[in-house]
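Notes for the one structure printed next.
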Amino acid sequence: MPKAKRKEEVKKFILNNLESHPKDINSFTSSTFAVSRPTVSKYLQELIDEELVIATGKTKGRRYQLRDIVYERINLHVAENQQEDVVWRERILPLMDGIKKNVRDICQYGFTEIYNNVIDHSASDVSFIEIKRNAARVGLEVFDRGVGIWNKLQSELNLLDPRHALLELSKGKLTTDEEKHTGEGIFFTSRMFDKFSIDSGTLLYSKERIGDDWLIEVDESPAMEGTVVSMEIRTTTDLTRTEVFEKFASEHHDYGFTRTHVPLKLLKYEGEELVSRSQARRLLARLEGFLEVFLDFQGITTIGQAFADEIFRVYRNEHPNVTIIAVRMTPRVVEIVDRVAGAPKKT
């Protein structure tokens, strides 16, 4: 590899790993690329001179961090006739200079989908938008002081509680206004960004991409007014909007939204197991709108026989056009499912 190209590769590696190695980035980079620590120190100094990195402390205990290239907070009045694409073009896009097109396209999709929800659904008269950029990541945050997304969904769709609202939202195709919305925006946005979270009321939902997998958490949080949606993506990613759309589309049905992915941990309340038919029916609600349903058993160590029977025998018999694909089941869960319905299709 040419020396100049290798140098840029090492500097790019430093930028992409600095957040997780603020104190040992020199030794970590040196061992990864088999280059000397003085050479890494030279590259770090170049990044400091380029105003991409900040160094604090003395040489022995020096700590490095990424410098914010952009940090902007925008306060907006929300009006019924406001247009989210105009807000993007006039207020956000000028702050995206130098960002790769695929990353910029994802940011445009995510921001306009979320801000349109603020206009149409939040009943808030103000919004706050935060844009944060460094050499490795772009972060967008949209905050409103409205009714709150979980409360809105629970109330208008007659759901049990905010957690039930989250479960339904995660499936996709959920909307309180079918004339204006397909209910796909949040589903796809949450899968385009490396980090995605919704904080509203007392419920925080977060997703973080870990390699090819997702870390999904649902936590109780201090009660808050309105909704905060946070999105973050690496500036170096090669992911495109089209790739995400196609992952959940079928070429045999005009590439419509025909596949969904549902983490079963969203169904589970603290202190309980998944054992009943009513829990299974809640999980399966509205899934007849898809052709393929990936049920993700990550974090689920066991299930009840009635729960399994409702999904893998009763529902399959009643909905032969819906393919249920179970993923990441433990041996114990596989044993229970096999007992009620024979071996399910697994990946």
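The values are calculated or read from the model by the stated rules, or taken from the named source; none is laboratory data. These numbers come from a predicted model, not from an experiment. Cβ coordinates were reconstructed from backbone atoms using ideal geometry, including for glycine residues, and neighbour counts include every protein chain displayed. To get the accessible areas, we keep the full protein, side chains included, count just its heavy atoms, and leave off ligands, DNA and RNA. Shrake-Rupley method; radii C 1.70, N 1.55, O 1.52, S 1.80 Å.
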**Complete:** Of the residues in the stretch 141-152, those that are open to solvent by 10 Å² or more (accessible area, probe 1.4 Å) and assigned to a helix (DSSP H, G or I) number 3
**Complete:** Being within 30 Å of Asp238 (Cβ to Cβ), assigned to a loop (DSSP other than H, G, I, E, B) and of a type in the set (Val, Ile, Thr) narrows Ile106, Ile99 down to just Ile99
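Could you list, in sequence order, all residues of the stretch 277-325 that are in a loop (DSSP other than H, G, I, E, B) and farther than 23 Å from Asp219 by Cα?
Within the stretch 277-325, Ala285, Arg286, Phe290, Leu291, Gly304, His319, Pro320, Asn321, Val322 qualify.
So in the stretch 61-74, with the set limited to residues that are among the aliphatic types (A, V, I, L, M) and either open to solvent by 30 Å² or more (accessible area, probe 1.4 Å) or closer than 17 Å to Ile119 by Cα (or both), which one is modelled with the lowest pLDDT?
Ile69
Yes or no, residue by residue, for (1) exposed (fewer than 15 other Cβ atoms within 10 Å of the Cβ); (2) in contact (Cβ under 8 Å) with a residue 24 or more places away in the chain:
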position: Asp24; (1), (2): yes, no
position: Gln45; (1), (2): yes, no
position: Leu76; (1), (2): no, yes
position: Val86; (1), (2): yes, no
position: Arg91; (1), (2): no, yes
position: Arg104; (1), (2): no, no
position: Gln108; (1), (2): no, no
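Matching residues to (1) outside any strand (DSSP E or B); (2) open to solvent by less than 10 Å² (accessible area, probe 1.4 Å); (3) touching a Cys at 6+ places or on another chain (Cβ under 8 Å):
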position: Gly139; (1), (2), (3): no, no, no
position: Leu160; (1), (2), (3): yes, no, no
position: Arg163; (1), (2), (3): yes, no, no
position: Lys173; (1), (2), (3): yes, no, no
position: Gly183; (1), (2), (3): yes, no, no
position: Phe188; (1), (2), (3): yes, yes, no
**Asked** Counting only residues that are part of a loop (DSSP other than H, G, I, E, B), at negative phi and either among the aromatic types (Phe, Trp, Tyr) or open to solvent by 20 Å² or more (accessible area, probe 1.4 Å) (or both), how many does the stretch 120-133 have?
**Response** 1
